[in-house]
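Reading through the C-alpha coordinates given below for one structure.
The values are calculated or read from the model by the stated rules, or taken from the named source; none is laboratory data. Because the structure is a prediction, the values reported are computed rather than measured. Cβ placement follows ideal geometry from the backbone for every residue including glycine, while neighbour counts extend to all protein chains displayed. Side chains included, ligands, DNA and RNA excluded: accessible areas come from the protein's heavy atoms. Shrake-Rupley method; radii C 1.70, N 1.55, O 1.52, S 1.80 Å.
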Amino acid sequence: MTTIIIVPPSLDDQSFEQIFDQLALIPPDEKVLVDARRTRWASPFGLTALLTVAQTRLERPALAIPENEDTASYWGRASFFRHAESLYDISGRVPRSRQASESSVLLEVTPVVHTQDVHTVVENIQQRARAILQEKLHLQSKVTMRFTMALSEICQNVIEHAGTGGWVAVQAYKWQQRLGGRSVVVIAVCDAGMGFRKSLESAHGSERDDRWGDRMALEETMMRGVSRFRDPGRGQGLAGVKRFIGNWQGKFSVRSGTARIAIVPEWDQDEVMREGLAPFPGAQVQITIPERMPDA
Amino acid sequence: MISHIDVSSVLRRSVCDLYSNLVTRPTGAAVRIGIEHHLDEIGDNALAVLDFSHVGLLDFSCADEIVAKLLMQYVSVDIPRREVYFVFYGMSESHLDAIEAVLERHSLALVTQLAGCDAQLIGTVDGDQRAAWEMICELGSACPADLANATGMPADKAARTLETLWRRRLVIRQESGYFPVRGATSGLNPGGLLADDRDTSGGTGVEAS
(Lines give C-alpha, C1' and ligand atoms only; values in the text may rest on other atoms or scores of the structure.)
Protein backbone atom coordinates (compact mmCIF):
# COMPACT_ATOMS: atom_id res chain seq x y z
CA MET A 1 0.00 0.00 0.00
CA THR A 2 1.25 3.47 -0.86
CA THR A 3 0.15 6.50 1.12
CA ILE A 4 0.05 9.82 -0.67
CA ILE A 5 1.61 12.78 1.10
CA ILE A 6 0.24 16.02 -0.26
CA VAL A 7 2.78 18.82 -0.59
CA PRO A 8 1.18 22.25 -0.13
CA PRO A 9 1.27 24.75 -3.01
CA SER A 10 3.66 26.98 -1.14
CA LEU A 11 6.29 25.04 0.76
CA ASP A 12 8.22 26.73 3.55
CA ASP A 13 9.13 26.06 7.17
CA GLN A 14 5.57 26.79 8.35
CA SER A 15 3.64 24.87 5.70
CA PHE A 16 6.05 21.93 5.94
CA GLU A 17 4.30 21.10 9.21
CA GLN A 18 1.48 19.72 7.03
CA ILE A 19 3.93 17.16 5.64
CA PHE A 20 5.30 16.30 9.09
CA ASP A 21 1.69 15.84 10.28
CA GLN A 22 0.88 13.46 7.44
CA LEU A 23 4.10 11.46 7.88
CA ALA A 24 3.57 11.02 11.63
CA LEU A 25 0.56 8.80 10.89
CA ILE A 26 2.45 6.40 8.63
CA PRO A 27 4.82 3.64 9.77
CA PRO A 28 8.37 4.26 8.45
CA ASP A 29 8.39 1.04 6.47
CA GLU A 30 5.25 1.93 4.54
CA LYS A 31 5.63 3.22 0.99
CA VAL A 32 4.78 6.89 0.50
CA LEU A 33 4.28 9.03 -2.58
CA VAL A 34 5.19 12.65 -1.97
CA ASP A 35 2.90 14.49 -4.32
CA ALA A 36 4.30 17.92 -5.24
CA ARG A 37 2.44 18.25 -8.54
CA ARG A 38 0.45 21.27 -7.35
CA THR A 39 3.37 22.93 -5.63
CA ARG A 40 4.27 26.33 -7.10
CA TRP A 41 6.93 27.55 -4.74
CA ALA A 42 9.44 26.12 -2.26
CA SER A 43 11.88 27.79 0.09
CA PRO A 44 15.35 26.39 0.85
CA PHE A 45 13.77 24.83 3.94
CA GLY A 46 11.17 23.11 1.77
CA LEU A 47 13.71 21.62 -0.60
CA THR A 48 16.19 20.47 2.01
CA ALA A 49 13.48 19.07 4.29
CA LEU A 50 11.96 17.12 1.39
CA LEU A 51 15.30 15.34 1.00
CA THR A 52 15.43 14.52 4.71
CA VAL A 53 11.92 13.08 4.49
CA ALA A 54 13.20 10.48 2.03
CA GLN A 55 16.07 9.65 4.37
CA THR A 56 13.64 8.74 7.16
CA ARG A 57 11.77 6.16 5.09
CA LEU A 58 12.69 2.48 5.22
CA GLU A 59 10.86 1.86 1.95
CA ARG A 60 12.18 4.01 -0.90
CA PRO A 61 9.55 6.72 -1.43
CA ALA A 62 8.20 8.16 -4.67
CA LEU A 63 8.03 11.82 -5.62
CA ALA A 64 5.73 13.45 -8.13
CA ILE A 65 7.46 16.66 -9.13
CA PRO A 66 5.78 20.04 -9.72
CA GLU A 67 3.78 20.27 -12.94
CA ASN A 68 4.47 23.96 -13.23
CA GLU A 69 7.52 24.29 -15.48
CA ASP A 70 8.92 27.37 -13.77
CA THR A 71 8.72 25.66 -10.42
CA ALA A 72 10.36 22.48 -11.67
CA SER A 73 12.98 24.56 -13.42
CA TYR A 74 13.81 26.38 -10.19
CA TRP A 75 14.04 23.11 -8.29
CA GLY A 76 16.43 21.94 -10.98
CA ARG A 77 18.57 25.08 -10.73
CA ALA A 78 18.65 24.59 -6.98
CA SER A 79 20.14 21.11 -7.60
CA PHE A 80 17.22 19.50 -5.82
CA PHE A 81 16.70 16.79 -8.44
CA ARG A 82 20.39 15.94 -8.54
CA HIS A 83 20.08 14.67 -4.97
CA ALA A 84 16.42 13.64 -5.02
CA GLU A 85 17.06 11.14 -7.80
CA SER A 86 19.16 9.04 -5.45
CA LEU A 87 16.52 9.13 -2.72
CA TYR A 88 13.15 9.05 -4.51
CA ASP A 89 11.54 7.26 -7.42
CA ILE A 90 10.69 10.37 -9.38
CA SER A 91 7.70 10.76 -11.66
CA GLY A 92 7.24 13.75 -13.93
CA ARG A 93 9.57 15.48 -16.36
CA VAL A 94 12.78 16.49 -14.64
CA PRO A 95 14.14 19.65 -16.32
CA ARG A 96 17.60 19.46 -17.85
CA SER A 97 20.31 20.43 -15.45
CA ARG A 98 22.05 23.73 -15.97
CA GLN A 99 25.52 24.91 -15.21
CA ALA A 100 25.93 26.44 -11.79
CA SER A 101 26.92 29.73 -13.43
CA GLU A 102 23.43 29.97 -14.96
CA SER A 103 21.80 29.65 -11.58
CA SER A 104 20.20 32.47 -9.67
CA VAL A 105 20.42 30.39 -6.52
CA LEU A 106 22.85 31.64 -3.94
CA LEU A 107 23.85 28.18 -2.80
CA GLU A 108 22.27 25.12 -4.40
CA VAL A 109 21.12 22.25 -2.24
CA THR A 110 24.42 20.86 -1.00
CA PRO A 111 25.06 17.80 1.12
CA VAL A 112 26.80 18.28 4.46
CA VAL A 113 28.31 15.00 5.49
CA HIS A 114 32.02 15.54 6.01
CA THR A 115 34.15 18.39 7.31
CA GLN A 116 35.34 19.21 3.81
CA ASP A 117 31.71 19.83 2.82
CA VAL A 118 31.71 22.82 5.19
CA HIS A 119 34.79 24.16 3.43
CA THR A 120 33.04 23.70 0.09
CA VAL A 121 29.93 25.50 1.32
CA VAL A 122 31.96 28.40 2.69
CA GLU A 123 34.15 28.71 -0.42
CA ASN A 124 31.10 28.59 -2.72
CA ILE A 125 29.11 31.09 -0.76
CA GLN A 126 32.04 33.48 -0.63
CA GLN A 127 32.46 33.33 -4.39
CA ARG A 128 28.81 33.70 -5.21
CA ALA A 129 27.26 35.69 -2.40
CA ARG A 130 29.40 38.75 -2.17
CA ALA A 131 27.65 40.73 -4.88
CA ILE A 132 24.16 39.67 -3.85
CA LEU A 133 24.66 40.21 -0.17
CA GLN A 134 26.41 43.51 -0.55
CA GLU A 135 24.50 44.98 -3.48
CA LYS A 136 21.02 43.61 -2.90
CA LEU A 137 20.94 43.38 0.85
CA HIS A 138 23.28 46.28 1.48
CA LEU A 139 25.28 44.14 3.84
CA GLN A 140 28.75 45.47 4.52
CA SER A 141 31.58 43.07 3.78
CA LYS A 142 32.16 42.49 7.50
CA VAL A 143 28.54 41.41 7.84
CA THR A 144 28.93 39.08 4.88
CA MET A 145 31.77 37.44 6.80
CA ARG A 146 29.60 37.04 9.87
CA PHE A 147 26.82 35.59 7.74
CA THR A 148 29.27 33.03 6.37
CA MET A 149 30.48 32.25 9.89
CA ALA A 150 26.90 31.51 10.89
CA LEU A 151 26.49 29.22 7.90
CA SER A 152 29.70 27.41 8.76
CA GLU A 153 28.71 26.84 12.39
CA ILE A 154 25.25 25.55 11.55
CA CYS A 155 26.67 23.13 8.99
CA GLN A 156 29.22 21.88 11.53
CA ASN A 157 26.40 21.15 13.94
CA VAL A 158 25.03 18.64 11.46
CA ILE A 159 28.34 16.83 11.21
CA GLU A 160 29.01 16.81 14.94
CA HIS A 161 25.55 16.21 16.33
CA ALA A 162 23.26 14.65 13.76
CA GLY A 163 25.11 11.38 13.40
CA THR A 164 24.15 11.45 9.75
CA GLY A 165 24.50 13.86 6.86
CA GLY A 166 22.28 16.81 6.16
CA TRP A 167 21.51 19.38 3.50
CA VAL A 168 22.04 23.11 3.17
CA ALA A 169 20.63 25.64 0.72
CA VAL A 170 20.67 29.44 0.57
CA GLN A 171 18.52 31.80 -1.46
CA ALA A 172 18.07 35.57 -1.57
CA TYR A 173 14.60 37.01 -2.14
CA LYS A 174 12.86 40.31 -2.41
CA TRP A 175 9.85 40.17 -0.12
CA GLN A 176 7.23 42.15 -1.95
CA GLN A 177 4.60 42.03 0.78
CA ARG A 178 6.56 41.53 3.95
CA LEU A 179 9.14 43.96 5.26
CA GLY A 180 8.07 46.65 2.83
CA GLY A 181 9.68 45.04 -0.19
CA ARG A 182 13.05 44.55 1.48
CA SER A 183 15.39 41.79 0.39
CA VAL A 184 16.23 38.86 2.61
CA VAL A 185 18.61 35.95 2.49
CA VAL A 186 17.35 32.61 3.78
CA ILE A 187 19.54 29.73 4.92
CA ALA A 188 18.11 26.28 5.59
CA VAL A 189 20.06 23.38 7.06
CA CYS A 190 18.10 20.17 7.60
CA ASP A 191 19.05 16.71 8.74
CA ALA A 192 17.27 13.54 9.77
CA GLY A 193 19.75 12.58 12.47
CA MET A 194 19.43 12.07 16.20
CA GLY A 195 18.16 15.56 17.03
CA PHE A 196 18.99 17.84 19.95
CA ARG A 197 17.42 15.75 22.71
CA LYS A 198 19.19 12.51 21.86
CA SER A 199 22.44 14.37 21.25
CA LEU A 200 22.40 15.77 24.79
CA GLU A 201 21.25 12.45 26.23
CA SER A 202 24.21 10.72 24.60
CA ALA A 203 26.50 12.61 26.95
CA HIS A 204 24.44 13.58 29.94
CA GLY A 205 22.07 10.61 30.15
CA SER A 206 18.33 10.49 29.75
CA GLU A 207 17.54 10.27 33.47
CA ARG A 208 16.30 13.80 33.91
CA ASP A 209 13.31 15.39 35.56
CA ASP A 210 9.74 15.27 34.30
CA ARG A 211 10.22 18.35 32.17
CA TRP A 212 12.97 16.78 30.08
CA GLY A 213 12.10 16.52 26.41
CA ASP A 214 12.60 18.16 23.03
CA ARG A 215 11.58 21.58 24.31
CA MET A 216 14.09 21.59 27.15
CA ALA A 217 16.83 20.19 24.91
CA LEU A 218 16.28 23.08 22.52
CA GLU A 219 16.25 25.60 25.37
CA GLU A 220 19.44 24.21 26.90
CA THR A 221 21.27 24.23 23.60
CA MET A 222 20.00 27.46 22.14
CA MET A 223 19.62 29.59 25.25
CA ARG A 224 22.23 28.21 27.61
CA GLY A 225 24.88 26.96 25.20
CA VAL A 226 24.86 23.41 26.57
CA SER A 227 26.64 20.88 24.39
CA ARG A 228 27.01 17.14 24.55
CA PHE A 229 30.77 17.73 24.59
CA ARG A 230 32.18 18.53 28.03
CA ASP A 231 34.93 20.71 26.58
CA PRO A 232 34.24 24.24 27.89
CA GLY A 233 34.97 25.66 24.46
CA ARG A 234 31.92 23.96 22.99
CA GLY A 235 28.61 25.64 22.37
CA GLN A 236 30.19 28.84 21.08
CA GLY A 237 29.09 28.32 17.50
CA LEU A 238 25.37 28.58 18.15
CA ALA A 239 25.99 31.37 20.67
CA GLY A 240 27.87 33.32 18.00
CA VAL A 241 25.14 32.72 15.45
CA LYS A 242 22.53 33.89 17.93
CA ARG A 243 24.47 37.06 18.68
CA PHE A 244 24.84 37.86 14.99
CA ILE A 245 21.17 37.18 14.29
CA GLY A 246 20.16 39.42 17.19
CA ASN A 247 22.43 42.25 16.10
CA TRP A 248 21.13 42.07 12.55
CA GLN A 249 17.41 41.77 13.33
CA GLY A 250 17.41 38.32 11.80
CA LYS A 251 15.24 35.32 12.54
CA PHE A 252 16.58 31.98 13.71
CA SER A 253 14.43 28.89 14.20
CA VAL A 254 15.28 25.32 15.06
CA ARG A 255 12.83 22.42 14.90
CA SER A 256 13.87 19.17 16.52
CA GLY A 257 11.73 16.21 17.49
CA THR A 258 8.38 17.59 18.57
CA ALA A 259 9.41 21.16 19.42
CA ARG A 260 10.48 24.30 17.65
CA ILE A 261 12.26 27.30 19.13
CA ALA A 262 12.74 30.63 17.40
CA ILE A 263 14.50 33.92 17.92
CA VAL A 264 11.82 36.21 16.60
CA PRO A 265 12.64 39.76 15.46
CA GLU A 266 10.18 42.63 15.60
CA TRP A 267 9.21 42.25 11.96
CA ASP A 268 7.90 38.70 12.42
CA GLN A 269 4.92 37.26 14.31
CA ASP A 270 6.17 33.72 14.82
CA GLU A 271 5.91 31.94 18.16
CA VAL A 272 9.08 31.67 20.22
CA MET A 273 8.34 28.12 21.31
CA ARG A 274 6.02 25.47 19.92
CA GLU A 275 5.54 22.05 21.47
CA GLY A 276 3.55 18.97 20.60
CA LEU A 277 4.45 19.07 16.92
CA ALA A 278 4.40 15.94 14.81
CA PRO A 279 7.58 14.01 15.63
CA PHE A 280 10.31 14.07 12.99
CA PRO A 281 13.94 12.96 13.33
CA GLY A 282 16.90 15.30 13.29
CA ALA A 283 17.01 19.07 13.32
CA GLN A 284 15.72 21.58 10.83
CA VAL A 285 17.22 25.05 11.01
CA GLN A 286 16.29 28.22 9.21
CA ILE A 287 17.98 31.62 9.36
CA THR A 288 16.55 34.73 7.72
CA ILE A 289 18.69 37.85 7.40
CA PRO A 290 16.84 40.96 6.21
CA GLU A 291 18.24 43.77 4.16
CA ARG A 292 19.44 46.62 6.30
CA MET A 293 17.70 49.86 5.52
CA PRO A 294 19.97 52.78 4.62
CA ASP A 295 19.19 54.67 7.82
CA ALA A 296 19.54 51.64 10.08
CA MET B 1 63.99 34.63 18.95
CA ILE B 2 61.03 35.85 16.91
CA SER B 3 59.33 33.40 14.60
CA HIS B 4 56.85 34.50 11.97
CA ILE B 5 54.18 31.91 11.23
CA ASP B 6 51.89 32.49 8.26
CA VAL B 7 48.71 30.78 9.45
CA SER B 8 47.24 30.48 5.94
CA SER B 9 50.37 28.60 4.82
CA VAL B 10 49.99 26.25 7.75
CA LEU B 11 46.34 25.74 6.74
CA ARG B 12 47.22 24.90 3.15
CA ARG B 13 50.01 22.58 4.17
CA SER B 14 48.17 20.88 7.03
CA VAL B 15 44.70 20.52 5.53
CA CYS B 16 44.30 21.41 1.86
CA ASP B 17 46.16 23.76 -0.46
CA LEU B 18 42.84 24.98 -1.89
CA TYR B 19 41.46 26.35 1.36
CA SER B 20 41.81 29.93 2.51
CA ASN B 21 39.24 29.85 5.29
CA LEU B 22 39.72 28.62 8.80
CA VAL B 23 36.47 26.80 9.44
CA THR B 24 35.55 23.63 11.38
CA ARG B 25 37.11 22.10 14.47
CA PRO B 26 39.10 19.39 12.69
CA THR B 27 40.68 22.06 10.48
CA GLY B 28 41.47 24.17 13.52
CA ALA B 29 43.00 21.20 15.32
CA ALA B 30 45.17 20.36 12.31
CA VAL B 31 46.39 23.96 12.01
CA ARG B 32 47.11 24.18 15.75
CA ILE B 33 49.13 21.00 15.61
CA GLY B 34 51.05 22.44 12.65
CA ILE B 35 51.79 25.59 14.63
CA GLU B 36 52.81 23.58 17.70
CA HIS B 37 55.19 21.61 15.56
CA HIS B 38 56.94 24.81 14.53
CA LEU B 39 56.97 26.12 18.07
CA ASP B 40 58.65 22.92 19.20
CA GLU B 41 61.47 23.71 16.79
CA ILE B 42 62.17 27.26 17.84
CA GLY B 43 63.32 26.80 21.39
CA ASP B 44 62.20 27.52 24.89
CA ASN B 45 62.26 31.29 24.92
CA ALA B 46 60.56 32.61 21.84
CA LEU B 47 58.05 35.05 20.49
CA ALA B 48 55.77 33.76 17.75
CA VAL B 49 54.05 36.19 15.41
CA LEU B 50 50.96 34.35 14.15
CA ASP B 51 50.08 36.09 10.90
CA PHE B 52 46.39 35.94 9.90
CA SER B 53 46.76 38.43 7.02
CA HIS B 54 45.95 35.85 4.34
CA VAL B 55 43.20 34.03 6.23
CA GLY B 56 39.72 34.63 4.79
CA LEU B 57 37.19 33.52 7.34
CA LEU B 58 37.77 32.37 10.90
CA ASP B 59 34.74 30.82 12.54
CA PHE B 60 34.14 30.34 16.27
CA SER B 61 34.92 26.64 16.29
CA CYS B 62 38.22 27.13 14.51
CA ALA B 63 39.12 30.09 16.72
CA ASP B 64 38.54 27.91 19.76
CA GLU B 65 40.72 25.12 18.40
CA ILE B 66 43.56 27.34 17.23
CA VAL B 67 43.69 30.36 19.48
CA ALA B 68 42.22 29.20 22.79
CA LYS B 69 43.72 25.73 22.85
CA LEU B 70 47.11 27.04 21.75
CA LEU B 71 47.21 29.79 24.37
CA MET B 72 46.04 27.51 27.16
CA GLN B 73 49.14 25.37 26.78
CA TYR B 74 51.42 28.32 27.39
CA VAL B 75 49.58 30.33 30.02
CA SER B 76 49.02 27.56 32.52
CA VAL B 77 49.53 28.92 36.03
CA ASP B 78 51.13 25.68 37.15
CA ILE B 79 53.28 24.18 34.45
CA PRO B 80 53.27 26.14 31.21
CA ARG B 81 54.46 24.13 28.26
CA ARG B 82 57.35 26.53 27.53
CA GLU B 83 58.10 30.22 27.64
CA VAL B 84 56.54 31.20 24.36
CA TYR B 85 54.85 34.52 23.74
CA PHE B 86 52.42 35.28 20.95
CA VAL B 87 51.54 38.29 18.85
CA PHE B 88 48.47 37.87 16.68
CA TYR B 89 49.12 39.82 13.52
CA GLY B 90 46.90 40.82 10.60
CA MET B 91 43.59 40.21 12.32
CA SER B 92 40.48 41.53 10.56
CA GLU B 93 37.37 42.72 12.35
CA SER B 94 35.60 39.43 11.68
CA HIS B 95 38.59 37.44 12.96
CA LEU B 96 38.43 39.49 16.14
CA ASP B 97 34.74 38.73 16.54
CA ALA B 98 35.44 35.03 16.74
CA ILE B 99 38.61 35.38 18.79
CA GLU B 100 37.16 37.74 21.38
CA ALA B 101 34.28 35.33 21.92
CA VAL B 102 36.58 32.39 22.66
CA LEU B 103 38.92 34.47 24.81
CA GLU B 104 35.98 35.51 26.94
CA ARG B 105 34.79 31.92 27.21
CA HIS B 106 38.17 30.74 28.52
CA SER B 107 39.15 33.93 30.43
CA LEU B 108 42.18 34.37 28.19
CA ALA B 109 43.84 37.44 26.73
CA LEU B 110 46.30 38.07 23.92
CA VAL B 111 48.24 40.78 22.15
CA THR B 112 47.26 41.74 18.63
CA GLN B 113 49.08 44.14 16.37
CA LEU B 114 48.91 45.45 12.83
CA ALA B 115 51.82 46.79 10.81
CA GLY B 116 52.73 50.27 11.95
CA CYS B 117 50.19 50.21 14.75
CA ASP B 118 50.50 49.93 18.48
CA ALA B 119 49.99 46.54 20.06
CA GLN B 120 46.56 46.01 21.60
CA LEU B 121 45.45 43.82 24.45
CA ILE B 122 42.18 41.95 23.91
CA GLY B 123 40.29 39.40 25.95
CA THR B 124 39.65 39.08 29.66
CA VAL B 125 41.89 41.47 31.57
CA ASP B 126 41.12 43.30 34.80
CA GLY B 127 41.67 47.02 35.27
CA ASP B 128 44.99 46.76 37.13
CA GLN B 129 46.43 44.36 34.57
CA ARG B 130 45.37 46.57 31.69
CA ALA B 131 46.76 49.71 33.34
CA ALA B 132 50.05 47.95 34.02
CA TRP B 133 50.27 46.54 30.51
CA GLU B 134 49.59 49.91 28.92
CA MET B 135 52.20 51.55 31.11
CA ILE B 136 54.79 48.90 30.17
CA CYS B 137 54.06 49.61 26.51
CA GLU B 138 54.48 53.33 27.11
CA LEU B 139 57.71 52.91 29.04
CA GLY B 140 59.17 50.24 26.75
CA SER B 141 60.18 48.18 29.77
CA ALA B 142 59.79 48.39 33.52
CA CYS B 143 60.62 46.73 36.79
CA PRO B 144 58.03 46.70 39.60
CA ALA B 145 59.40 49.89 41.13
CA ASP B 146 59.13 51.69 37.78
CA LEU B 147 55.54 50.58 37.41
CA ALA B 148 54.71 51.59 40.97
CA ASN B 149 56.20 55.03 40.40
CA ALA B 150 54.46 55.53 37.09
CA THR B 151 51.00 54.39 38.15
CA GLY B 152 50.91 55.10 41.87
CA MET B 153 50.25 51.42 42.46
CA PRO B 154 51.72 50.01 45.72
CA ALA B 155 55.05 48.29 45.02
CA ASP B 156 53.91 44.83 46.08
CA LYS B 157 50.78 45.11 43.96
CA ALA B 158 52.85 46.27 40.98
CA ALA B 159 55.11 43.24 41.40
CA ARG B 160 52.15 40.86 41.61
CA THR B 161 50.45 42.40 38.59
CA LEU B 162 53.58 42.14 36.47
CA GLU B 163 54.04 38.54 37.52
CA THR B 164 50.44 37.78 36.55
CA LEU B 165 50.91 39.44 33.17
CA TRP B 166 54.05 37.38 32.64
CA ARG B 167 52.28 34.15 33.58
CA ARG B 168 49.59 35.04 31.09
CA ARG B 169 52.39 35.63 28.57
CA LEU B 170 51.29 39.20 27.99
CA VAL B 171 54.66 40.68 28.99
CA ILE B 172 58.12 39.21 28.61
CA ARG B 173 60.16 38.72 31.77
CA GLN B 174 63.89 39.31 31.49
CA GLU B 175 66.57 39.89 34.11
CA SER B 176 66.48 43.61 33.36
CA GLY B 177 62.71 43.90 33.79
CA TYR B 178 59.44 43.29 32.00
CA PHE B 179 58.99 44.08 28.29
CA PRO B 180 55.81 44.39 26.25
CA VAL B 181 54.93 41.56 23.90
CA ARG B 182 54.83 43.00 20.42
CA GLY B 183 56.00 42.09 16.96
CA ALA B 184 59.20 43.10 15.26
CA THR B 185 57.13 45.21 12.87
CA SER B 186 57.03 47.91 15.50
CA GLY B 187 60.78 48.18 15.19
CA LEU B 188 61.24 47.49 18.86
CA ASN B 189 63.29 44.73 20.33
CA PRO B 190 60.93 42.86 22.64
CA GLY B 191 63.19 42.17 25.54
CA GLY B 192 66.18 40.74 23.78
CA LEU B 193 64.33 37.82 22.23
CA LEU B 194 65.95 38.65 18.91
CA ALA B 195 69.33 37.63 20.27
CA ASP B 196 69.35 34.10 18.86
CA ASP B 197 67.24 34.52 15.73
CA ARG B 198 67.63 31.80 13.18
CA ASP B 199 65.74 30.73 10.13
CA THR B 200 63.55 27.70 10.73
CA SER B 201 61.32 28.16 7.76
CA GLY B 202 62.54 25.86 5.02
CA GLY B 203 59.62 27.04 2.92
CA THR B 204 57.04 25.97 5.43
CA GLY B 205 55.40 29.28 6.04
CA VAL B 206 57.45 29.94 9.14
CA GLU B 207 60.36 32.29 9.29
CA ALA B 208 62.45 33.97 11.89
CA SER B 209 62.87 37.70 11.67
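Some notes on this structure:
- Residues satisfying the stated conditions in segment B:91-148, i.e. free of Cβ contacts under 8 Å to residues at least 40 places away in the same chain, of a type outside the set (A, V, I, L, M, F, W, C), more than 26 Å from residue A:149 (Cα to Cα) and open to solvent by less than 50 Å² (accessible area, probe 1.4 Å): B:144
- Annotation: residue A:119 fulfils all but one of (1) at the interface with chain B (Cβ under 10 Å from one of its Cβ atoms); (2) surrounded by 24 or more Cβ atoms within 10 Å (Cβ to Cβ); the unmet one is (2).
- Residue match in segment B:44-63 (condition: closer than 14 Å to residue B:168 by Cβ and open to solvent by less than 10 Å² (accessible area, probe 1.4 Å)): no
- Residue within segment A:258-269 that is among the hydroxyl-bearing types (Ser, Thr, Tyr) and not in a loop (DSSP other than H, G, I, E, B) present: no
- Only listed residue being open to solvent by less than 30 Å² (accessible area, probe 1.4 Å), over 27 Å from residue B:27 (Cα atoms) and either hydrophobic (A, V, I, L, M, F, W, C) or out of contact with any Pro (no Cβ under 8 Å at 6 or more places or on another chain) (or both), chosen from A:150, A:172: A:172
- Screening residue B:75 against (1) closer than 30 Å to residue A:120 by Cβ; (2) in contact (Cβ under 8 Å) with a residue 40 or more places away in the chain; (3) buried (at least 18 other Cβ atoms within 10 Å of the Cβ) leaves a single unmet condition, (1).
- Every residue from segment A:122-139 that is buried (at least 19 other Cβ atoms within 10 Å of the Cβ) and facing chain B (nearest Cβ under 9 Å): A:122
- Subset of segment B:35-51 [among the aliphatic types (A, V, I, L, M) and part of a helix (DSSP H, G or I)]: B:35, B:39
- Single condition residue B:18 does not satisfy, out of (1) outside any loop (DSSP other than H, G, I, E, B); (2) surrounded by fewer than 24 Cβ atoms within 10 Å (Cβ to Cβ); (3) within 14 Å of chain A (Cβ to nearest Cβ): (1)
- The conditions of being outside any loop (DSSP other than H, G, I, E, B) and open to solvent by 10 Å² or more (accessible area, probe 1.4 Å) are not met by residue A:14.
- Number of the exception - residue B:202 against (1) at pLDDT 90 or above; (2) of a type outside the set (S, T, N, Q); (3) in a loop (DSSP other than H, G, I, E, B); (4) open to solvent by 30 Å² or more (accessible area, probe 1.4 Å): (1)
Matching residues to (1) buried (at least 16 other Cβ atoms within 10 Å of the Cβ); (2) in contact with a Ser or Thr (Cβ under 9 Å, 6 or more places away or on another chain); (3) among the hydroxyl-bearing types (Ser, Thr, Tyr):
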site: A:18; (1), (2), (3): no, no, no
site: A:22; (1), (2), (3): yes, yes, no
site: A:31; (1), (2), (3): no, yes, no
site: A:34; (1), (2), (3): yes, no, no
site: A:72; (1), (2), (3): yes, no, no
site: A:86; (1), (2), (3): no, no, yes
site: A:94; (1), (2), (3): yes, no, no
site: A:108; (1), (2), (3): yes, yes, no
site: A:115; (1), (2), (3): yes, yes, yes
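Yes/no per residue for (1) within 14 Å of another protein chain (Cβ to nearest Cβ); (2) part of a helix (DSSP H, G or I); (3) on the phi > 0 side of the Ramachandran plot:
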residue: A:145; (1), (2), (3): yes, yes, no
residue: A:152; (1), (2), (3): yes, yes, no
residue: A:158; (1), (2), (3): yes, yes, no
residue: A:170; (1), (2), (3): no, no, no
residue: A:179; (1), (2), (3): no, yes, yes
residue: A:201; (1), (2), (3): no, yes, no
residue: A:210; (1), (2), (3): no, no, no
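- Here residue B:18 passes the criteria (1) modelled with pLDDT of 90 or more; (2) touching a His at 6+ places or on another chain (Cβ under 9 Å); (3) within 16 Å of residue A:120 (Cα to Cα) except the one numbered (1).
- Any chance residue B:136 is of a type in the set (Val, Ile, Thr) and within 15 Å of the chain's Cα centre (by Cα): no
- Pairing each residue of segment A:1-27 that is under 17 Å from residue A:188 (Cα atoms) with any residue that is in a loop (DSSP other than H, G, I, E, B) and polar (S, T, N, Q), provided the two are 6+ apart or on different chains, yields C-beta distances under 6 Å for A:11/A:39; A:12/A:43.
- Candidate set from segment B:2-15 (those that are modelled with pLDDT of 90 or more and more than 14 Å from chain A (Cβ to nearest Cβ)); member that is surrounded by the most Cβ atoms within 10 Å (Cβ to Cβ): B:10
- Test for residue A:79: is it surrounded by 17 or more Cβ atoms within 10 Å (Cβ to Cβ), out of contact with any His (no Cβ under 7 Å at 6 or more places or on another chain) and not aromatic (Phe, Trp, Tyr): yes
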